[in-house]
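Taken together, the values in this text are just the output of simple stated rules run on the coordinates, not laboratory data. Keep in mind the model is a prediction, meaning the values are calculated, not measured. Backbone-built Cβ (ideal geometry, glycine too); neighbour counts: all protein chains shown.
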Amino acid sequence: MRESSECVTPLGVTHTVAETPLPDLVLVPGGMTTPSQMVDDEILDWLRKVRKTTAWTASVCTGALILGAAGILKGLPATTHWYKTGVLKIMGAKPQLDERIVRSGKVVTAARVSAGIDLALWLAGEIVGRERAEAIQLTIEFDPHPPFDAGHMSKASKETQKLAKEIMDHRMPADQRRLVPKIAWRRFIDLIRTGK
């Protein structure tokens, strides 16, 4: 039996990229399919095109790598999940991993999954003002108090960092790992063509 709840906000895809030629805001999430999206020419071409007219082009976590693959982060400061810093740099960005949110003009990147809420509230503040953004924050009761203080590389012990890296090393499915050479090759060709 399916029940509805006042606390559930359904999210889903309602339009294709072809049906969305002039979005006000683009938010690129990260996730397990990031490598396949980094070589999806339809997505990359669309991002390059709409970036010219969006009020904001944003990413959360490894979504920054997709923006990087589209060439949007070349030469810009940006952030992503700490585990993917090297890839972000290869994509031509200037990693700022001590920052949860990095803004460069109308391009905004957020680090890690938990920074997604920070980004959403920051964008709300930019779009509808601080007072309304604070009301949204209260509405969702966003007042984090994690039980541990190991949520950043600068705070985590060496043992915790090692264990976290081991966990991340085993998260990417084999089909996504196979795309890494293709991603690197595309970036190499781009470097040859543009010198950047």
### Query
Helices from the chain with mean Kyte-Doolittle at least 1.0 and a Cα length along the axis of 18 Å or more, per DSSP H: which?
115-128
#### Entry: Segment His170-Val113, extension gain: residue separation times 0.36 nm, minus the distance between their alpha carbons
18.7 nm
### Query
By DSSP, what percent of the beta bridges with both residues in the range 39-196 are antiparallel, rounded to the nearest 5?
40
### Query
How big, in percent, is the set of alpha carbon pairs in the chain lying more than 32 Å apart?
20
### Task
Tell me the label-point distance for the pair Ala184, Ser36, using the 7 Å Cα-to-Cβ offset, in nm and rounded to one decimal.
2.2
### Query
Once you charge only the Cβ atoms, +1 for Lys and Arg and -1 for Asp and Glu, what is the size of the charge dipole of the chain about its Cα centre, to the nearest 20 debye?
1140
### Query
Separation between the Ser104 and Asp149 pseudo-spin-labels, each 7 Å from Cα along Cα→Cβ, expressed in nm?
3.2
### Task
Check the straight Cα-Cα distances from Lys158 and name the lysines below 22 Å, setting aside those fewer than 8 residues away within the same chain.
Lys84
### Task
Using a 10 angstrom cutoff on alpha carbons, build the Gaussian network for the chain and name the most mobile of Thr14, Thr34, Thr85.
Thr14
